[in-house]
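The values are calculated or read from the model by the stated rules, or taken from the named source; none is laboratory data. Worth saying up front: this structure is predicted, and the values here are computed from it rather than measured. Cβ placement follows ideal geometry from the backbone for every residue including glycine, while neighbour counts extend to all protein chains displayed. We work out accessible area using only protein heavy atoms, side chains counted, and drop any ligands, DNA or RNA first. Shrake-Rupley method; radii C 1.70, N 1.55, O 1.52, S 1.80 Å.
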Amino acid sequence: MPFFPPFSLSRRALLGLGSTLVATSLGSANTQAKTASVLKPPVLKPGDRVGMVAPASNAYEPEDIQLAKETMEQYGFQVVLGEHINDQYGYLAGQDRDRAADINAMFRRADIRGLVTFSGGYGCCRLLPYLDYDLIRRNPKVIVGHSDITSLLLAIYQKTGVVTFHGSSGLTGVGDYAIAHFKRTIMDTAPIGEIAKPPAAEGIERNNRLVTIVRGEATGPLIGGNLTLLTNLLGTPYEPDTRGKILFIEEIGEEPYRVDRMLTQLWLAGKLQDAAGIALGHFVDCYPKEFQPSFVQTLSLENVLRDRFSSLGKPTLYNLMFGHVRENAVLPIGINATLNASQKKLIVNENAVV
């Protein structure tokens, strides 16, 4: 199923103007609006109606929408499709105002208890000016997704204070580990506890091995998502505030020098220095391309991460179980967490829904 490739290809085109955003973001740092007070949405339960919307890319094949719907139905939800979910406009799931209208409609409807997203890809940034943030704040509901959906989650949290959830979209596909994390975070009002710890494996683990880059412990609200989208929001009214927060980051399909460039932009904008701690997830396929590498000599991904984060002195833990992976943990944006990089733990200290 052609799910992953559109992310790396479409996002790469976005970075052509990336370096020009640095000066803009630095200039706006002192005027950045303070995030609204935190609002926890109501818990989701089996039998609840949830709206499925497509804020970014369209369905590559019509059956993909049915597949995404069935993915969310496995939690016991009744899935209601957005009016424009089948729309197509080039690489987008319809016109910007229509995609935004579907989101606004789901927050407006009293019978809809939460929102899930069809897929990422590209397009969420385009619809941010058309969302009704006052409506969303008056009707807080769970909304979950990842990758390009990062910009939607961060904008809603920044403008309304409503807790949003970085987790798998419907088309992603999930395994038992991801399903359990979804239920614990979104369908239970108890304190969440330790999250994003890789599943137990026999013998010496390599692919999901937790790596401490900087030892130490830090506590603060969770903020973050996909690296490309975090960078794209700099200099906009939706720019994430990382001050005193646990910044979590993941990525897919970018060569090490591109990861370096985006992390450096966040560093130049003060976002890394402002964070209390850094939680790094999976960076999938972030290696030099085998047949057409951009450079003859290169740093490895781990070299880049150590180089960019070690000097900050912030507790930093790498390879937590979230990102473009089947076993994708759900991270609640705005909820207080403790990162213990020395003990290789990320613990959410409270509940995320009420």
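Residues whose amide H lies under 5 Å from that of G114, counting only those 5 or more places away or on a different chain, are G51; hydrogens are built 1.01 Å from N in the peptide plane. Note on the chain: GNM, Cα springs under 10 Å; of P315, P199, P55, the largest mean-square fluctuation is that of P199.
Pairs of Cα atoms under 8 Å, at least six residues apart: use those to get the relative contact order of segment 157-244, whole percent.
Working: 29 pairs, mean separation 25.9, N = 88.
This gives 29 percent for segment 157-244.
Remark: segment 87-128 carries a charge dipole of roughly 140 debye about the Cα centre, counting +1 on each Lys and Arg Cβ and -1 on each Asp and Glu Cβ. GNM on the chain, alpha-carbon springs under 10 angstrom: the most fluctuating residue among F283, F309, F165 is F309.
Here are some pairs, K40/K69; K271/K345; K45/K345; K45/K271; which of them have Cα atoms lying more than 32 Å apart in this structure? Don't skip to the end; give the middle numbers.
Details: K40/K69 25 Å; K271/K345 22 Å; K45/K345 28 Å; K45/K271 36 Å.
Exceeds cut-off: K45/K271.
Computed from backbone phi with θ = phi - 60° and the Karplus coefficients 6.51, -1.76 and 1.60, the 3J(HN,Hα) list for segment 239-254 is 4, x, 9, 9, 4, x, 10, 8, 8, 10, 9, 9, 7, 8, x, 10 Hz; x is used for glycine and proline.
Using C-alpha pairs below 8 Å separated by at least 6 residues, the relative contact order for the chain is 22 percent. Electrostatic bookkeeping for E217 treats Lys and Arg as +1 and Asp and Glu as -1; over the other residues with beta carbon under 14 Å from its beta carbon, the sum is +3. Once the C-beta distance of T189 and Q273 is scaled by a Förster radius of 30 Å, the resulting FRET efficiency is 0.30 to the nearest 0.05.
If you sort S37, S57, S310, S151 by accessible surface, 1.4 Å probe, largest first, the order is S37, S310, S57, S151.
Taking amide hydrogens as placed 1.01 Å from N in the peptide plane, the amide H of K345 sits under 5 Å from those of N340, each at least 5 positions away in sequence or on another chain.
A probe of 1.4 angstrom, applied to the heavy atoms of all protein chains, finds L272 with accessible area near 0 square angstrom.
Under the rule a/c < 1.5 gives rounded, and otherwise a/b versus b/c splits prolate from oblate, where does the chain land using the Cα gyration tensor? Because its axes are fairly even, with a/c under 1.5, the chain counts as rounded. Pairs to check: K245/K289; K159/K245; K141/K183. Give those whose C-alpha atoms are more than 27 Å from each other in this structure. Over 27 Å Cα-Cα: K245/K289. For the chain, modelled as a Gaussian network with Cα springs under 10 Å, which listed residue fluctuates most, N303, N319, N226? Comparing N303, N319, N226 in a Gaussian network model of the chain, the most mobile one is N303. Residues whose amide H comes within less than 5 Å of that of I335, counting only those at least five positions distant or on another chain, are L222 (H built at 1.01 Å from N in the peptide plane). Between segment 62-139 and segment 174-217, the alpha-carbon centres lie 27 Å apart.
When ligands, DNA and RNA are left out and all protein chains stay put, how many square angstrom of accessible area per residue does the chain have with a 1.4 Å probe?
Values: 14240 Å² over 354 residues.
In whole numbers, the chain has 40 Å² accessible per residue.
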